[in-house]
Every structure is written in structure tokens, then in C-alpha cells.
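Report on the structure given below.
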Amino acid sequence: MQQNKYHLKTLLALAIGLTNAVANAADAPAGPVFRADGSVQVPAFELPPSPYLSKEALEMMKSRAAQQGSARVMVGGQAGDIQQIRRGMEMALAGRVQTMRERYPVDIVEEEVAGIRTRTVTPKGKAFDTKRILINVHGGAFSMCEDGCAMLESIPIASVGGFKVMTVSYRQAPEHVFPAASEDVTAVYREVLKKYKPKQIGIYGCSAGGVLSGEMGAWLPKQGLPNPGALGIFGAGAGMMEAGDSRFVAAYIDGSIAPPPSPGAAPSAQRMRSYFDGADMKDPLVSPMLHLDVLSKFPPTLVITGTRAMDLSPAVYTHSQLVKAGVDADLIVAEGMSHCYMYFSQFPEAQDAYQTIVKFFRKNLSQ
């Protein structure tokens, strides 16, 4: 009798649990729908801020509510007056650059090297490393941000690390196409080699500059030149930027880029010429991340991205391929961070990135 009571209670508990499960399932949001071609239809959902964010990053996330619907700079966006677009970008970043200069005082000297505009950034009022040099190749979708992005990438590394950083104003689209940027950075690199050994030189950049840094790892040996002592690929992978899961996800959770077109959608009537127009995106000089034999010749490489960045997929893939190719490669994925989060100097996450970059180059460049 006691055993029957036990079974009855068990069955009753199971029935209640099943009823609750069914009720909860009815109230739960719709799940993903998997297509025969491997695509996934993702239902609308609300993504809360990560509990791991710094308070500074969280406040920035909150402030975006007031910016809802504001204009965005799109990679591969519609055609327009490129000079106006460039001026708009510089104006948008002016406040960040000013904050960066106040937080990290530096001296900046402009000069031409091999006929190309460069600016050398060093820490103000203190000694800096004279035996090593970093070459910065700035971001900006290969079409803009020659000043703002260059300064946001160079200033903190020069100041925090006590490094001499030379940022290169390479040719960009729509006036120029691949391999113009690679040629310009190579010309500057040749001149730098007259004063420094290869292993005393580091090359790094964010976004388009990250892509270009990766391309230099393939391009320089092709020109008969030795690779630098270390590479930094930040906010990017070594090629094929607009690809992978993160290209789709970031468009809907970050908002800094336009959602990709629907499958089968007609191309835009007008479009600004891309830097890679006419190039084969699988070419090893464009996307070395796809070629293990090319990657195997890379020097130690640091890859930095964020969990909400459009570049997460190419960054993670680049790192995994570098490891597979036997390269000494490090990967930093910052929780809750968006594309090139190092541009926000008030974020502790960005400050951590500066320290990581400095330690990486100190470790891997010889004196």
C-alpha cells in the first residue's frame, strides 16, 4: 500500500512537471527554424547587456538609446561625395581623439617617407624606446579616417608602451584600389629597414588596418623582403572582412554596419567603388587567412576582437588558421565589445587592450 502511494505521488509530480513544461513552452519565444541549405531563420529576441561589461561600457550602451536611428558610416555603402564622407568621419571622431590626447599626451611629427605622408607619435615628456619601432596602418574601410583612426590607434600605444609609432597614410578607395595600400606600406617599410632590423619592427592596425596588417604578412615576402618581428591584427581578420556569422549577427545587435542584403536581392543602383573592386578575395595576397602555406611564414601575431564585433568570425578564423600553420598567435575576445573598441579610451576594456598590445610587442620585438 505504501509502495502504491509512493508511485502515485511520483506520477502526480511527473504530470504536474509535464503540464508546467507544456505551459512554459507555450509562453516561450519561438525557436530557430533550420533550412535545408544550412541557413537558420532566427526569431526576434532581446539581448541584454553583458554582466561582464565595465560600468563605462555599460553607460555607453545605455546612451545609444538616445542615438536611435542616427546616421551610420557603412562599409561598402551607397555612393556619395567621398570628401564629405571623410570630413564627416573626422568630425565624428574629433571628440574621441581629443579625449585620447588628454589621457595620453604625445608628440606628433609629420613627414614624408618614400613620398608618403607619415606621422611619428612618441610619448610627451618622457624617454621612449629608440631601438624598436611600430608601424601603424589605420582603419577606415580602406576609404577614410586617415587622421582620426590613425591617432586613436597610435597615441595610446606610443604613450602606454613608450614606443615610437609611425602611422602611414596609404592610398585609399575610391581613388585607388588593391594593391595600392600594400605598395605604400611596403615603400615606408623599406625606408624603415635602413634604420631598424626586421625583428625590431612591428606592424599593426584596426579594422581595414587590421586586414592590411595581415596582408603585409603575405605581401612583404612576395616582394623579397623579410617579415617584421610581429604583427597586430585588431578588429579584423587577415582578409575577407564581410563574411562569417558575425557579419550577420553584428548588424542586428551592434548597429554600426548595415544588415546584409537578402539572398537574391538586386544590387544597389549606385555604390562607392570598393578598395577591393576587381580583386580576387581568395587571393593569398588579399586573404592570407585562407592559405596555410602563406600563414606559416607569419611572425608572432596578436588578434583582438569582441563578442559583438562584425569582425569576430574572420578574427577567430584567422587565429585558428595561424595556430594550425604553426605560428605563435594570441587571441583576445573582449566580452560585450564591438568593432575596434580600443577607440574608446575611457573603457577599461580598451585600456586592457593597450596593455596587451604593448606587452605583446615588447615580448616579440628584439632590441
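The values are calculated or read from the model by the stated rules, or taken from the named source; none is laboratory data. What you see is a predicted model; the values in this text were computed from it and never measured. Neighbour counts run over all protein chains shown; Cβ positions are idealised from the backbone, glycine included.
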Requested in this report: For segment 265-283, state whether one or more residues are under 28 Å from Phe45 (Cβ atoms), out of contact with any Ser or Thr (no Cβ under 6 Å at 6 or more places or on another chain) and at pLDDT below 95.
Outcome: yes
Report task. Please verify whether segment 125-134 includes one or more residues that are hydroxyl-bearing (Ser, Thr, Tyr) and surrounded by 16 or more Cβ atoms within 10 Å (Cβ to Cβ). Result -> no
Report summary line: Per the list (1) assigned to a loop (DSSP other than H, G, I, E, B); (2) within 17 Å of Arg190 (Cα to Cα), residue check on Gly125 breaks on (2)
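Within the group Glu191, Glu242, which residue is over 22 Å from Asp293 (Cα atoms) and part of a loop (DSSP other than H, G, I, E, B)?
Values: Glu191 fails: part of a loop (DSSP other than H, G, I, E, B).
Of Glu191, Glu242, the one residue that is over 22 Å from Asp293 (Cα atoms) and part of a loop (DSSP other than H, G, I, E, B) is Glu242.
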Query - Close pairs (9 angstrom Cβ cut-off, 6 or more residues apart or separate chains): closer than 18 Å to Pro123 by Cβ in segment 91-104, of a type in the set (Asp, Glu) and part of a helix (DSSP H, G or I) anywhere - result: Val97/Glu90
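Among the residues of segment 345-361, write down those that are in contact with a helix residue (DSSP H, G or I) (Cβ under 9 Å, 6 or more places away or on another chain), assigned to a helix (DSSP H, G or I) and not small (Gly, Ala, Ser). I'd like the intermediate steps shown before the answer.
Looking only at segment 345-361, we keep the residues that are in contact with a helix residue (DSSP H, G or I) (Cβ under 9 Å, 6 or more places away or on another chain), and these are 345-351, 353-355, 357-359, 361.
In the following step, the residues that additionally are assigned to a helix (DSSP H, G or I) were identified as 348-351, 353-355, 357-359, 361.
If the condition is that a residue be in contact with a helix residue (DSSP H, G or I) (Cβ under 9 Å, 6 or more places away or on another chain), assigned to a helix (DSSP H, G or I) and not small (Gly, Ala, Ser), then Pro348, Glu349, Gln351, Tyr354, Gln355, Ile357, Val358, Lys359, Phe361 are the ones that fit.
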Query raised in the report: What single numbered condition from (1) at pLDDT 95 or above; (2) out of contact with any strand residue (DSSP E or B) (no Cβ under 9 Å at 6 or more places or on another chain) fails to hold for Lys126?
Result: (1)
Report summary line: Within segment 201-239, restricting to residues that are within 17 Å of the chain's Cα centre (by Cα), hydrophobic (A, V, I, L, M, F, W, C) and not in a strand (DSSP E or B), the one that is nearest to Lys297 (Cα to Cα) is Met216
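This table checks each residue for (1) under 17 Å from the mean Cα position of the chain (by Cα); (2) under 28 Å from Phe178 (Cα atoms).
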{"residue": "Ala251", "(1), (2)": "yes, yes"}
{"residue": "Asp283", "(1), (2)": "no, yes"}
{"residue": "Val286", "(1), (2)": "yes, yes"}
{"residue": "Ile304", "(1), (2)": "yes, yes"}
{"residue": "Ala309", "(1), (2)": "yes, yes"}
{"residue": "Tyr343", "(1), (2)": "yes, yes"}
{"residue": "Tyr354", "(1), (2)": "yes, no"}
{"residue": "Lys363", "(1), (2)": "no, no"}
Report summary line: Of the residues in segment 285-318, those that are of a type in the set (A, V, I, L, M), surrounded by fewer than 18 Cβ atoms within 10 Å (Cβ to Cβ) and not in a helix (DSSP H, G or I) come to none
Query raised in the report: Would it be correct to say that Asp280 is closer than 26 Å to Arg171 by Cα and free of Cβ contacts under 8 Å to residues at least 40 places away in the same chain?
Result: yes
Query - Selection from segment 147-182 of residues that are out of contact with any strand residue (DSSP E or B) (no Cβ under 8 Å at 6 or more places or on another chain) and assigned to a loop (DSSP other than H, G, I, E, B) - result: Asp147, Arg171, Gln172, Ala173, Pro174, Glu175, His176, Val177, Phe178, Pro179
Query - Filtered residues of segment 192-251 (kept if over 12 Å from Met310 (Cβ atoms) and among the acidic types (Asp, Glu)) - result: Glu215
Requested in this report: Report yes if Gly209 is surrounded by 24 or more Cβ atoms within 10 Å (Cβ to Cβ), more than 19 Å from Met240 (Cα to Cα) and small (Gly, Ala, Ser), otherwise no.
Outcome: no
**Report entry** In segment 319-351, residue surrounded by the most Cβ atoms within 10 Å (Cβ to Cβ) [restricted to those that are touching a Gly at 6+ places or on another chain (Cβ under 8 Å) and of a type in the set (Ser, Thr, Tyr)]
**Finding:** Ser338
